[in-house]
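S.K.: Here it is, the structure in full.
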Amino acid sequence: MELFESIKKDEWVKSLIKRADNCLEAIGYTEHGFRHTALVSKNAKRILEELGFDKKEVELAAIAGYLHDIGNSVNRVNHPQSGAILAKDILVKYGMEYDDITEIISAIGNHDESFGGEPVNRVSAAVIIADKGDVHRSRVRNTKQIVFDIHDRVNYAVMHSNLRVNKEEKIIALELSVDTEISQVMEYFEIFLSRMIISKKAANFLGCRFKLEINEHILL
């Protein structure tokens, strides 16, 4: 994971992540900064690691997860594609093999279902699940908005979030504890159904079944 550690310390990467989060804050989006990128990176890495894939793919997933949202520094619209182009220049600078670069940029370019994303390789599948699984109250910037903004309300209602990987049973499960006094479970599906659908596709790509568990009830 030596290359990954170098990328995390890269000043250009830091600037892109910071600017991406600032841009999204300006238009009222939840947190997409260093907390989010680190968590997506960690969980994408863990998914492939716990399913027994090789160390190289595990590192590629960690890198792709860390860089997946840098395109938001350009614009929210088509951010996966602009992010992939930005990532390409960064990875070339570090002398990464071309096949590894193309695997990472295809993962970044396909991580969001709103912009035509699909699981196209194992790295992309891991990043998709890790990204869509990051729902938690710590992402909400302004608690005063939860009355008016359904995305903030649903995120703020999630008290605990855990992504569980079971290699033996071939299950990837998103386990959530939701305060239904803040947001009803139906609201979660109202805004996140498409995210769960692409997560299901991604889990299937990895030879697994995706499960969604809210307040200890299996809903998917």
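S.K.: Do we find a residue being in a loop (DSSP other than H, G, I, E, B), buried (at least 21 other Cβ atoms within 10 Å of the Cβ) and free of Cβ contacts under 8 Å to residues at least 60 places away in the same chain anywhere in segment 111-120?
M.R.: yes
Per-residue answers, yes or no, for (1) basic (Lys, Arg); (2) over 25 Å from Cys208 (Cα atoms); (3) within 15 Å of the chain's Cα centre (by Cα):
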position	(1), (2), (3)
Glu5	no, yes, no
Ala20	no, yes, yes
Cys23	no, yes, no
Thr30	no, yes, yes
Lys56	yes, no, no
Ala62	no, no, yes
Asp69	no, yes, yes
Asn72	no, yes, yes
Asn78	no, yes, no
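S.K.: Just name the residue that is farthest from the chain's Cα centre (by Cα) out of those in segment 121-133 that are open to solvent by less than 20 Å² (accessible area, probe 1.4 Å) and either over 20 Å from Thr30 (Cα atoms) or at pLDDT below 95 (or both).
M.R.: Once the filter is applied, the top-ranked residue is Val123.
S.K.: Filter segment 19-37 for residues that are open to solvent by 20 Å² or more (accessible area, probe 1.4 Å) and in a helix (DSSP H, G or I); which is farthest from Ser82 (Cα to Cα)?
M.R.: Checking each candidate, the answer is Arg35.
S.K.: Which of the residues spanning segment 115-141 are basic (Lys, Arg) and in contact with a His (Cβ under 8 Å, 6 or more places away or on another chain)?
M.R.: Matches in segment 115-141: Arg139 only.
S.K.: Out of the residues in segment 121-149 meeting the condition of being touching a residue at least 24 places away in the same chain (Cβ under 8 Å) and of a type in the set (Lys, Arg), tell me which one is farthest from Ile172 (Cα to Cα).
M.R.: Arg141
S.K.: Return the residues of segment 8-18 that are more than 18 Å from the chain's Cα centre (by Cα) and either exposed (fewer than 13 other Cβ atoms within 10 Å of the Cβ) or part of a helix (DSSP H, G or I) (or both); say none if nothing qualifies.
M.R.: Lys9, Glu11, Trp12, Ser15 - these are the residues of segment 8-18 that are more than 18 Å from the chain's Cα centre (by Cα) and either exposed (fewer than 13 other Cβ atoms within 10 Å of the Cβ) or part of a helix (DSSP H, G or I) (or both).
S.K.: Say whether the condition of being within 23 Å of Ala202 (Cα to Cα), assigned to a loop (DSSP other than H, G, I, E, B), of a type outside the set (Val, Ile, Thr) and touching an Asp or Glu at 6+ places or on another chain (Cβ under 7 Å) is met by at least one residue in segment 64-74.
M.R.: Yes, the conditions are met somewhere in segment 64-74.
S.K.: Quick one: would you say Glu103 is open to solvent by 40 Å² or more (accessible area, probe 1.4 Å) and either part of a helix (DSSP H, G or I) or without any contact (Cβ under 8 Å) to a residue 60 or more places away in the chain (or both)?
M.R.: yes
S.K.: For residues that are farther than 20 Å from Val40 by Cβ, buried (at least 20 other Cβ atoms within 10 Å of the Cβ) and of a type in the set (Ser, Thr, Tyr), tally how many sit in segment 162-220.
M.R.: Of the residues in that region, 1 qualify.
The values are calculated or read from the model by the stated rules, or taken from the named source; none is laboratory data. None of the values given here were measured: they were computed from a predicted structure. Here Cβ is always computed from backbone atoms with ideal geometry, including for glycine, and neighbour counts include all displayed protein chains. These area figures cover heavy atoms from the full protein model, side chains too; ligands, DNA and RNA do not enter into them. Shrake-Rupley method; radii C 1.70, N 1.55, O 1.52, S 1.80 Å.
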